[in-house]
Amino acid sequence: MKLLEERIRKEGKALSESVLKVDSFINHQVDPEFMDLLGKDFAEHFKDYGITKVFTIESSGIAPAMMVAKYLQVPMVILKKQTSKILNGNVYQTRITSFTKGTSYELTLFSDYIQSDDKILLIDDFLANGEAATGASRLIEQSGAELAGIGILIEKSFQNGRKRLEDAGYYVYSQARIRKLGNGVIEFLSDDEPVISE
């Protein structure tokens, strides 16, 4: 999506070969109008997939996921990174290890918010190694529901996340695909270029 690429070029900061800072409009300070445009694009892309719910992982995916759910006219469900005292009982859980942050956490979904006939669209801000999306897919499969698609704002195409998800049979749509990061360098893949993961 050219609009997102332009915004990343303008405000994004490549801090290293693997870290892209976009906290001025996506994951610290959030631009609601821009999130609305991103949500509309995802909703248009997935409109024929029979989506019944939009899922996201707290917290950076919440803003775009809310907009997608608004346009698809379905509920949004937030997968929790910590077990809440009010979620005891009927929950699905799986352990996630974040390679970016070097930490692990329990991803939790209250069973009341997913049914076996649901078709889920997962929305997340970044795709790197695919650990978070793979963990979310495990929760969805535990319930018997279907992960019908994965929408990503920014994909680091030089990492293996997309390949990992596609090899598992999931469809991935990314609005911006990063070819290369470096100190002050941000390069994008063109629409017809293949994934170049390591």
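Helix 131-143 versus the longest principal axis of the chain: what angle, 0 to 90°, nearest 10, using Cα atoms?
Rounded to the nearest ten degrees, it is 20.
In the range 1-89, which trypsin sites (Lys or Arg not before Pro) are in a loop and have at most 13 other Cβ atoms within 10 Å, using DSSP for the loop call?
On the way: sites: Lys2, Arg7, Arg9, Lys10, Lys13, Lys21, Lys40, Lys47, Lys53, Lys70, Lys80, Lys81, Lys85; in loops: Lys47, Lys81.
Within the range 1-89, the qualifying trypsin sites (Lys or Arg not before Pro) (loop, at most 13 other Cβ atoms within 10 Å) are Lys47.
Over the chain, give the accessible area per residue in Å² for a 1.4 Å probe, as an integer. List each step's numbers first, then the result.
Numbers: 9790 Å² over 198 residues.
With all protein chains present, the chain gives 49 Å² per residue.
Leaving ligands, DNA and RNA out of it, report the carbon-plus-sulfur percent of the accessible area of the chain at a 1.4 Å probe.
About 48 percent, which is the carbon plus sulfur part of the accessible surface.
What is the sum of charges, Lys and Arg at +1 and Asp and Glu at -1, for the other residues whose Cβ falls under 15 Å from the Cβ of Ile114? The partial results should precede the final answer.
Numbers: positive: Lys53, Lys80, Lys119, Arg138; negative: Asp112, Asp117, Asp118, Glu141, Glu146.
Net local charge, Ile114 excluded: -1.
Heavy atoms of the protein only, probe of 1.4 Å, neighbouring chains included. What is the accessible area of Ile57 in Å², nearest 10?
Ignoring ligands and nucleic acids, Ile57 comes out at about 10 Å².
Relative to the longest principal axis of the C-alpha atoms of the chain, give the angle of the C-alpha long axis of helix 2-11, reported between 0 and 90° and rounded to the nearest 10°.
In the chain, helix 2-11 runs at an angle near 70 degrees to the longest axis.
What angle do you read, to the nearest 10 degrees and between 0 and 90, between the alpha-carbon axis of helix 62-72 and the longest principal axis of the chain?
Helix 62-72 sits roughly 70 degrees off the main axis of the chain.
Largest first, how would Glu146, Glu141, Glu5, Glu106 line up by accessible area (1.4 Å probe)?
Correct descending sequence by accessible area is Glu141, Glu146, Glu106, Glu5.
Under a cut-off of 24 Å between alpha-carbon atoms, report the lysines in cross-link reach of Lys10, not counting same-chain residues fewer than 8 places apart.
Qualifying lysines at Cα under 24 Å: Lys2, Lys21, Lys40, Lys156, Lys180.
With springs only between Cα atoms under 10 Å apart, run a GNM on the chain and tell me which of Thr94, Thr108, Thr56 wobbles the most.
Thr94
The values are calculated or read from the model by the stated rules, or taken from the named source; none is laboratory data. None of these values were measured; they are calculated from a predicted model. Heads up, the Cβs are rebuilt from the backbone with ideal geometry, glycines too, and the neighbour counts pull from every protein chain shown. Surface areas here come from the heavy atoms of the whole protein model, side chains and all, with no ligands, DNA or RNA. Shrake-Rupley method; radii C 1.70, N 1.55, O 1.52, S 1.80 Å.
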